[in-house]
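Structure first, then comments.
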Amino acid sequence: AGIGKCVAMDLARRNARTILACRDRERGQAAVEEIRAATGNPAVVLQLLDTSSLASVRAFASAVLRQESRLDVLVNNAGVTGLPFAITSEGLEQTFATNYLGPFLLTNLLLG
């Protein structure tokens, strides 16, 4: 939803292979189908990613590196605000992990 979906729509309109990295499979797949229908680009795909989980970030990066021959653009758009204080299963503060640590790790893993 929001800015991320608009960026994905624009990339797909430019005929780019576009990977939507989403936490929720159902919402992500609905966005994929909407973007495909609006742009006529069948190369819009879904990969699950929760940037609050470093394990999820590592799994996503590994899959992208394994499945894609190249990566030209990375848009780190995930973020949360106003959540109550919570600690992730990895012992990290949830907002900090989601907004900073996860995207930082993802970028570094994909730089290759």
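The values are calculated or read from the model by the stated rules, or taken from the named source; none is laboratory data. Source: prediction; values computed, not measured. Cβ coordinates were reconstructed from backbone atoms using ideal geometry, including for glycine residues, and neighbour counts include every protein chain displayed. The protein model used for the area step is the full one, side chains on, heavy atoms only, and it has no ligands, DNA or RNA in it. Shrake-Rupley method; radii C 1.70, N 1.55, O 1.52, S 1.80 Å.
For the reader, a short list of remarks on this structure follows.
- Total residues in the range 45-73, condition open to solvent by 70 Å² or more (accessible area, probe 1.4 Å) and under 19 Å from A16 (Cβ atoms): 7
- Only residues that are open to solvent by less than 50 Å² (accessible area, probe 1.4 Å) and in contact with a strand residue (DSSP E or B) (Cβ under 8 Å, 6 or more places away or on another chain) were counted across the range 74-112, and they come to 1.
- Scan of the range 64-83 for residues that are touching a Leu at 6+ places or on another chain (Cβ under 9 Å) and β-branched (V, I, T), ordered by number: V64, V73, V75
- Counted residues, the range 25-42 - those being touching a helix residue (DSSP H, G or I) at 6+ places or on another chain (Cβ under 8 Å) and either open to solvent by less than 30 Å² (accessible area, probe 1.4 Å) or within 17 Å of T107 (Cβ to Cβ) (or both): 3
- Q94, sole failed condition from (1) under 14 Å from the mean Cα position of the chain (by Cα); (2) in contact (Cβ under 8 Å) with a residue 40 or more places away in the chain: (1)
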